[in-house]
């Protein structure tokens, strides 16, 4: 099974993915962004323009990788990735579903103000400064919200007033997955999540 965790940039996809991974014994986290970074790093900046999702190669690489892993791994594949373009959604999630691969697709849904606040904290900048700089995440908010409201209408989880554990448990319940207990002290969990967050900030 693939658990695809969608949502706008800053919605908490990656921290939720690793919280689930910690509590699902037979699971892996697959990050589609790595295919984009591979393309950027190995093309002498020829491909480094705009959003790497716009390259058919990126979409094909991730479709084939997820298909390959699904056919050879009997556990849960957790995929934290913003996918707001309906065509790209169909080219990856749609194709995998047509291949008979079970996918549970969840959208972490937040209001615009909350997303901007989260992005500000993540990038260690004031909200006004972040908006003025027009960062990639901020520029993507409106199109993500529009897409999730009107085009990609899979299971939505209202994440505005929920913490990571609440969201992980809701996803697990809706997917009929039993989570193990996370007995780590709160400070260790917090530090671990900050590490994940910093490690996966988009360049």
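General remarks:
- With R₀ set to 45 Å, the beta-carbon distance separating residue 158 from residue 46 gives a calculated FRET efficiency near 0.65.
- Values of log10 I(q)/I(0), in the order q = 0.10, 0.13, 0.18 Å⁻¹, for segment 2-199 under a Debye, Cα-only, solvent-free model: -0.42, -0.73, -1.44
- The chain - percent relative contact order, Cα under 8 Å, separation 6 or more: 35
- Summarising the label geometry, the points placed 7 Å from Cα in the beta-carbon direction at residue 34 and residue 67 lie 2.0 nm from one another.
- Each peptide in 159-165, 179-185 was scored by the mean count of other Cβ atoms within 10 Å over its residues; highest first, the order is 159-165, 179-185.
- Chain lengthening between residue 111 and residue 184 when straightened (0.36 nm per residue, less Cα-Cα): 23.2 nm
- Helical runs (DSSP H, four residues minimum) scored at -39500 (n - 2.57) apiece and divided by the length of the chain put the mean residue ellipticity at 222 nm at -15000 deg cm²/dmol.
- Ordering of 10-22, 140-152 by packing is 10-22, 140-152, highest average first (other Cβ atoms within 10 Å, averaged per residue).
FYI, it's all coordinate maths here, none of it is from the lab. The shown structure was predicted, so the numbers you read here are calculated from the model rather than taken from an experiment. Glycine also receives a Cβ, built like all others from the backbone with ideal geometry; neighbour counts cover every protein chain displayed.
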